[in-house]
Amino acid sequence: MSEARATDSAENPMGEGGVHLQTRGIRLSTLGTAVGTLLLLVAALEIVGRTPRLRLLLPSPSLGSPHRQIEVQWSHLEVHTMAEGPPDCFFIGSSAVYRGIRPDVFTDSFFETTGESLRCYTFGVQGLSPGFGSMIAELLASRYSPRLMVLGADTPTLAEGTGEYVEKTLRRTKWWRHQFGDPNPEGWLVEHSYAYRYVLLASNWLRKDFDRWQESSREVEEGTTALGFRGATASLAEREEQPEPMEELQAILSDFQLSTADLDGVEQFARLRGSTEVAVVEMPIHPGFLQYFKEGRSDHEAVLQAMRDRLDPLGVVYLFTSDLELIADSGWLNTNHLNRTGATEFSRWLGRALGAEQLEGNLRVPPTWDPP
Amino acid sequence: MSIVSIEFALFVAACLVLYYLLPPGWQRTFLLLASALFLLTWSWQFIIVLAAITIITYFIGIRLEGAEESSRAWLVVGILANLGALGSLKYVDVVLPPLLARVSSSGPDLTYIAPLVLVPLGISYYTLTGISYLVDIQQGTIPASRNMASFSLYMTYFPKLVSGPIERFRKFSPQLQRPRVVDPEVLSRGFGLIAMGLFRKVVLADPILSLVPEELWEGGAGLSGAELWFWMVAYGVALYNDFAGYTELVRGVSRLFGIQLSPNFRRPLFSRSFTQFWNRWHISLSHWLRDYIYYPISRWMLRKGFRPTTLTVVAVPALATMVGSALWHRVSLAVLLWGVINGMYLVGERLLSFQFRRYSASELPAWRRYGTIPLVIALAVLAAVPFVTGDHLPVPQWRAMLVPWPPPAPDFRVLFLLGLWLSVDILHAWLPGEMFFRRWPAWARGFLLAVAALLLLIAVHQDPGQAFIYQQF
């Protein structure tokens, strides 16, 4: 009907100036087709998201977080869970953890020592400090009910300011907020819909820094194994000059202050012992790295002592690596990260060390619930 | 409350339900209250400013009607009241900070006041609405409104409040008097316009704007001539889709209430001349400027005995109009330069028209019909350099643009979005009707809607809720 007819109608029952809504004759075929098409697309994406083989053909879906690496870690964990079942052991920490702990090697070593099988996953997040790491640990513990959780604590991440970026970005992420007491529709959608996660992923195409994002995203995707480990092949021994840590980290360490919030986080992690067995391990640091602390080695040792003061009363296994000289220069990627060789060595040692603690009764990893 | 937001959608939905539940006699009053509520979501102070302007204009309108010579004084008072509100509030950020700094240098520190003063939302639009109302009464083309509620609704109707279109009383008011039916056809047009508007704003304009390099806003330094061309064109397309999207969106919303608002754009980037461009870009403002600046000055000069083909008669009205347009947008030397250049384009075109016969499009071969489009775009882009970069004398940028070499590394995302926009506007130009897809079969329309919705969902997540560019003017 033309607008003229609408406006000139002399028979309008609503009188002068009134507007009458006439809904008879409304056809919803266009809307129906649109909704139908969208539903088909959503169904297809949901199937892809829930089928490990198909999902691996596409980049990891997004959680709506600016921290791509955590999204990839989370996605790999989901795929691993769908394909192999939920892990019953987690390693949590910063990049030192995803670079430094090989779950497969640890599992073998732990089994050789104790005869106990574990299915481990390394959940390391770049820039994660123990303060926020304890929240991730809490989330993983509540979702997967693992038998063992190991916090890999590297002393630089206990410096005030180190974990700020991760904390800020995750706290801004609606999915994350949804997990921790701030229910919101978008967080719910991300949690329950893979189609929505793929929409979020696609929206990165419009980022101003898309090229850089895509490159680093691809690097993370390709570098991270199905068990969350991200090994590197380069070696400190092959380098002519010792590479320096990132400038931001150097600035933080040159004005080193021990973060009470992170110490609290370590303690909070230890208190998960009520629901799962926990242990803390000092992640190795190359002696050449200690120079970046304001007071050198004494700052490093102060962190270790402060952690011990928090953990000892709780009876948590806490392994030190400082004086062990576990890793040769060929096992280091740089002064604060291990390479694949170093990770293999360290993981083997860690499996044996925690296995020994298990045999001695200090660590009480319950037997597996899986049927034989 | 932003126009592109869930809050606005819910607000409109709630208003529609109540609007159609109310008896007809209450509908106008309800729309007025809804408009006030909409304004309230921005700031309660805005209501005071808008109410003051509305009341003053209303009573001056009544004084103007039927009066003879003395009415001119009332008209001046009315125009000054509107312009005064516009000048004192819109340009407060230009005038106040230096003034306060000066006062503070010899007395108490008052500089904290400047950021506290808010520029009322949409003031540039409703002051022009008020002026056109008064001038039209004085010229005898419309009667003064004797219904305060109707007039207030004309001034404050919420879909057009933020950024127009600048409606004329003679077109808007009769709609309120007539009985209307909003039937499935009207609803379909309304929702079609809303969909088009959202697509233009969220899928085309916002993503392009978010990809424009920061250097462009900072004088264009660091960008090569070719890059300047590329990003200026991209910005122009984004600006067009941003504002055209806004207009389509609010026109669609308004249709659902049974009120038609004027279109503001008619594929301006396909214009073959600047005269055509200004008849297709922000039409309601261009026509306002034409009717209340260009024509009055031209008529006055002709009455004073100037010959129509003299340079003065050609140049003065065009330049005054475009300078007026520039001042309306922003008070700055850069924007003023943009206005002067565009005025000169119009003057040049008019002078050429005295030398060469003007042909209608159908008389011309295709290459001549479309050949001038790139030229118009190129000249418009050159004129827009000061407007966009904020540089009031962008000679280095212009010099760089004269040699657009080497070609820029293309951003394929922007090229894709430009292609998408071009497809939409070409379909608009070729297919009859305001919405090219309305005659398509339902399945094709549905599929198109699904694709648009998906793109919208993707785009909105990257940069949600960008304000409309023209909201700032």
### Task
May I ask you to list pairs of residues, at least six apart or on different chains, whose Cβ atoms are under 8 Å apart, with the first in the range A:24-49 being among the β-branched types (Val, Ile, Thr) and the second being surrounded by 12 or more Cβ atoms within 10 Å (Cβ to Cβ) and not in a helix (DSSP H, G or I)?
A:VAL42/A:SER193; A:VAL48/A:LEU58
### Task
Could you check how many residues of the range B:146-187 are surrounded by fewer than 22 Cβ atoms within 10 Å (Cβ to Cβ) and either of a type in the set (D, E, K, R) or assigned to a loop (DSSP other than H, G, I, E, B) (or both)?
10
### Query
Just one of B:LEU346, B:LEU311, B:LEU327, B:LEU337 is touching a helix residue (DSSP H, G or I) at 6+ places or on another chain (Cβ under 9 Å) and touching a residue at least 60 places away in the same chain (Cβ under 8 Å); which is it?
B:LEU346
### Task
Go through (1) more than 14 Å from chain A (Cβ to nearest Cβ); (2) buried (at least 19 other Cβ atoms within 10 Å of the Cβ); (3) part of a helix (DSSP H, G or I); (4) not aliphatic (A, V, I, L, M) and name the single condition B:PHE199 misses.
(1)
### Task
Give the residues of the range A:99-125 that are assigned to a loop (DSSP other than H, G, I, E, B) and modelled with pLDDT of 95 or more, sorted by residue number.
A:ILE101, A:ARG102
### Message
I'm trying to understand the selection: among the residues of the range B:435-473, which are modelled with pLDDT under 80 and either more than 23 Å from B:THR247 (Cβ to Cβ) or not in a helix (DSSP H, G or I) (or both)?
### Response
B:GLN462, B:ASP463, B:PRO464, B:GLY465, B:GLN466, B:ALA467, B:PHE468, B:PHE473
### Task
With respect to B:PHE277, determine if the residue is within 14 Å of chain A (Cβ to nearest Cβ), closer than 21 Å to B:HIS428 by Cα, touching a helix residue (DSSP H, G or I) at 6+ places or on another chain (Cβ under 6 Å) and part of a helix (DSSP H, G or I).
no
### Message
Just to be sure I understand the filter: pairs with C-beta atoms under 9 Å, separated by 6 or more residues or on different chains, first member in the range A:288-310 and within 12 Å of A:PHE256 (Cβ to Cβ), second member small (Gly, Ala, Ser) and in a helix (DSSP H, G or I). Which pairs pass?
### Response
A:TYR292/A:SER254; A:PHE293/A:SER254; A:LYS294/A:SER254; A:GLU295/A:ALA302
### Task
Please find, within the range A:274-314, the residue that is surrounded by the fewest Cβ atoms within 10 Å (Cβ to Cβ) out of those that are of a type outside the set (Ser, Thr, Tyr) and in contact with a Lys or Arg (Cβ under 8 Å, 6 or more places away or on another chain).
A:LEU314
### Message
Can you tell me which of (1) crowded, with 24+ Cβ neighbours inside 10 Å; (2) within 12 Å of another protein chain (Cβ to nearest Cβ); (3) modelled with pLDDT under 95 is the one B:LEU211 doesn't meet?
### Response
(1)
### Task
Say whether the condition of being free of Cβ contacts under 8 Å to residues at least 12 places away in the same chain, surrounded by 11 or more Cβ atoms within 10 Å (Cβ to Cβ) and aliphatic (A, V, I, L, M) is met by at least one residue in the range B:349-356.
yes
### Task
Could you list, in sequence order, all residues of the range A:176-207 that are of a type in the set (Ser, Thr, Tyr) and part of a loop (DSSP other than H, G, I, E, B)?
A:SER193
### the range A:137-157, residues that are touching a strand residue (DSSP E or B) at 6+ places or on another chain (Cβ under 6 Å) and in a helix (DSSP H, G or I)
A:ALA137, A:LEU140
### Summary
Within the range B:276-291, of all residues that are touching a residue at least 24 places away in the same chain (Cβ under 8 Å) and surrounded by fewer than 18 Cβ atoms within 10 Å (Cβ to Cβ), the one nearest to the chain's Cα centre (by Cα) is B:ARG290
### Query
Does A:LEU128 satisfy the criteria of being in contact with a helix residue (DSSP H, G or I) (Cβ under 7 Å, 6 or more places away or on another chain), assigned to a loop (DSSP other than H, G, I, E, B), crowded, with 24+ Cβ neighbours inside 10 Å and at pLDDT 90 or above?
yes
### Message
Show the residue pairs meeting these rules: Cβ distance below 8 Å; 6+ apart or different chains; first residue within the range B:444-462 and in contact (Cβ under 8 Å) with a residue 24 or more places away in the chain and over 13 Å from B:ARG200 (Cα atoms); second residue surrounded by fewer than 21 Cβ atoms within 10 Å (Cβ to Cβ) and of a type in the set (Lys, Arg).
### Response
B:GLN462/A:ARG207
#### Entry: Residue list for the range B:315-335, restricted to those being of a type in the set (Ser, Thr, Tyr) and assigned to a helix (DSSP H, G or I)
B:THR321, B:SER325
### Summary
Filtering the range A:196-219 for residues that are more than 10 Å from chain B (Cβ to nearest Cβ) and either in contact with a Cys (Cβ under 7 Å, 6 or more places away or on another chain) or crowded, with 20+ Cβ neighbours inside 10 Å (or both) leaves a count of 2
### Query
Can you pull out the residues in the range B:383-423 that are over 30 Å from A:ASP211 (Cβ atoms), out of contact with any Leu (no Cβ under 7 Å at 6 or more places or on another chain), assigned to a helix (DSSP H, G or I) and touching a residue at least 40 places away in the same chain (Cβ under 8 Å)?
B:ALA383
### Query
How do the pairs read when you match residues in the range A:249-261 that are of a type in the set (Phe, Trp, Tyr) with residues anywhere that are in a loop (DSSP other than H, G, I, E, B), using Cβ under 6 Å and keeping only pairs 6 or more apart or on different chains?
A:PHE256/A:PHE293; A:PHE256/A:LYS294
### Enumeration of residues in the range A:280-305 that are more than 18 Å from A:GLY93 (Cα to Cα) and out of contact with any Pro (no Cβ under 9 Å at 6 or more places or on another chain)
A:PRO287, A:GLY288, A:LEU290, A:GLN291, A:LYS294, A:GLU295, A:GLY296, A:SER298, A:ASP299, A:GLU301, A:ALA302, A:GLN305
### Query
From the set of residues in the range A:23-66 that are basic (Lys, Arg) and within 12 Å of chain B (Cβ to nearest Cβ), which is farthest from B:TRP443 (Cα to Cα)?
A:ARG24
### Query
Looking at the range B:1-18, is at least one residue over 30 Å from B:LEU204 (Cβ atoms), within 14 Å of another protein chain (Cβ to nearest Cβ) and either among the β-branched types (Val, Ile, Thr) or out of contact with any helix residue (DSSP H, G or I) (no Cβ under 6 Å at 6 or more places or on another chain) (or both)?
yes
### Summary
Across (1) crowded, with 24+ Cβ neighbours inside 10 Å; (2) touching a residue at least 12 places away in the same chain (Cβ under 8 Å), A:GLU71 clears everything bar (2)
### Query
Of all residues in the range A:83-98, which are of a type in the set (A, V, I, L, M, F, W, C) and either modelled with pLDDT of 95 or more or buried (at least 20 other Cβ atoms within 10 Å of the Cβ) (or both)?
A:CYS89, A:PHE90, A:PHE91, A:ILE92, A:ALA96, A:VAL97
### Task
Give, as residue ranges, the strands (runs of 3 or more DSSP E) completely inside the range A:235-335 that count at least 1 residues that are under 19 Å from A:MET149 (Cβ atoms).
A:277-282, A:317-319
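The values are calculated or read from the model by the stated rules, or taken from the named source; none is laboratory data. None of these values were measured; they are calculated from a predicted model. As a convention, Cβ positions derive from the backbone with ideal geometry for all residues, glycine included, and neighbour counts pool all protein chains shown.
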